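Q: Sharing a structure here in structure tokens format.
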């Protein structure tokens, strides 16, 4: 086995990505947390990988095959036809496969996405994400990473969600005319 490395997925990765996504979200489903990610099909995954930036943390096995250990996807606010709660990129489909949990891979993945990609490359002033508001540790994990709640709603599967925002580049964020007023253009945002 080799050291795990992060790369950007392509639509060609959809067939390998989908079963790993389902495996990673299965424990949440057993806990009663249903996300739309647990019900996506291959075509939806392929389209998401084509339009969005999905990062895969993979390890190369001795056989030469790659094993996905963790992932995070960034959805951009300029994608038409998708619901957005803020004018910033949205992180979604964050997971670590069950047999790789407890190794700091989620933090490594989020550090890469937040700092290496969104802050340094995209120059995004802020980022946001959503999670189950009643999940025993996810809201707290994100809050410890600097995210602050800004909106609550219920997903199409009946799960109460909390939406959290993190400022990545404070001077760019502050330079916006009125960041809080921007949310009026995004349905349901407060």
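Q: Determine which single condition residue 115 fails, assuming it passes every other condition in (1) modelled with pLDDT of 95 or more; (2) part of a helix (DSSP H, G or I); (3) surrounded by 19 or more Cβ atoms within 10 Å (Cβ to Cβ).
A: (3)
Q: Here are the criteria: (1) touching a helix residue (DSSP H, G or I) at 6+ places or on another chain (Cβ under 7 Å); (2) closer than 22 Å to residue 100 by Cα. Tell me which single one residue 16 does not satisfy.
A: (1)
The values are calculated or read from the model by the stated rules, or taken from the named source; none is laboratory data. Please read all numbers here as calculations on a predicted model, not as lab measurements. Cβ: placed from backbone, ideal geometry, glycine included. Neighbour counts: every protein chain shown.
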